[in-house]
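Report on one structure; see the data block that follows.
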Amino acid sequence: MFEQCALESKRPGPRLRERLQRLRWHLQQAMALDHGPLASGERWLLNWAGVCLILGLGVAFICGYHAGFLRLNTLATAHPDWVWSCLTLLGDERMALALAVLFCWHRPRLLWALILAGLLATGTSRGLKELIDAARPPAILPVDAFHLIGPALTHASFPSGHSITAAVLGGVFIAHTRWIEIRLLLLVLAVLVGLSRVAVGVHWPLDVLSGLMVGALAAWVGGRLAGRWPSPAGWLGIHLAVASLAVLAAVSLLIDGGGYPAAAWFGRLIAIIILASVALRYLRIPAMGSLH
């Protein structure tokens, strides 16, 4: 008798079961309405990666690994430090994870592509950084030779992780939207995030080009894999796990600005929006029969 009571106490209550059932129904409906990556969007990603590859090879073989840094870093000083700090914060992995929850409610296939692309990109980035371990500008140049914003990072320069993150996040959305204007906006934003890493003084331009290329390719591969294996996009466990991680990432942004005090307000603003969105959507799951 006591064992039966203990088992019953571990089972979710009727209200929780109802919420989970409604959320599962919602995911099934969203899966039916959501499309996979578009062929035109995938071509954008391949062209993006190709342009970055050509530019990167040109910089590396003609000008050298460190080429262009001082000029771009100096030009960036025409804009306030807080602008580059906010842009560079957009390339933080926590920011990408937090922002993903805004779109996973109606676009589970897109979310699944983003998960796969993120895993591929993270593995590639970590592997290349450990394998090459290139020195960053603060480790080579005198402190007074360039403009530094934030911490003076010295190791694991190649490729730029922030550029990869921005390219993955923007690239997955580029592959899933038909609006050319949105594609252009996301592409420009990803490039600006990459340039911000030169502006804050912690990456060489070649690191940024490589990061944008790796991120675009990861977004393309992630979309292809998600299209061939779409069923996990509708799994409730994956959906709730990403939502939970997004909440943790948002809370982290509330506490830590990633070493850029001028962008702390921006990180907190995004975090508040994320947390409010999660509260509105997951604490008030719509009844079965409506999809809003």
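The values are calculated or read from the model by the stated rules, or taken from the named source; none is laboratory data. These figures come from a predicted structure and were not determined experimentally. Positions of Cβ are generated from backbone atoms using ideal geometry, with glycine treated the same way; all protein chains shown enter the neighbour counts. When the accessible area is computed, the model is the full protein with side chains, heavy atoms only, and any ligands, DNA or RNA have been set aside. Shrake-Rupley method; radii C 1.70, N 1.55, O 1.52, S 1.80 Å.
Overview of values
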| read-out | value |
| --- | --- |
| Any hit, the stretch 138-149, residues being open to solvent by less than 10 Å² (accessible area, probe 1.4 Å) and either of a type in the set (Phe, Trp, Tyr) or at pLDDT 95 or above (or both) | no |
| Failed item, numbered, when GLY194 is tested on (1) farther than 20 Å from LEU111 by Cα; (2) open to solvent by 10 Å² or more (accessible area, probe 1.4 Å) | (2) |
| Flag for LEU128 being farther than 15 Å from GLY171 by Cβ and open to solvent by 40 Å² or more (accessible area, probe 1.4 Å) | yes |
| Considering residues of the stretch 260-292 that are within 30 Å of SER196 (Cβ to Cβ) and among the β-branched types (Val, Ile, Thr) only, the residue modelled with the lowest pLDDT | VAL278 |
| Some residue of the stretch 162-179 being surrounded by fewer than 18 Cβ atoms within 10 Å (Cβ to Cβ) and among the aromatic types (Phe, Trp, Tyr) | yes |
| Tally of residues being buried (at least 17 other Cβ atoms within 10 Å of the Cβ) and under 16 Å from ARG107 (Cβ atoms) across the stretch 231-273 | 7 |
| Within the stretch 22-112, helices (runs of 4 or more DSSP H) holding 1 or more residues that are polar (S, T, N, Q), modelled with pLDDT of 95 or more and open to solvent by 30 Å² or more (accessible area, probe 1.4 Å) | 39-58, 69-76 |
| Residue in the stretch 135-145 that is of a type in the set (D, E, K, R), under 21 Å from the mean Cα position of the chain (by Cα), more than 24 Å from TRP105 (Cβ to Cβ) and in a helix (DSSP H, G or I) present | no |
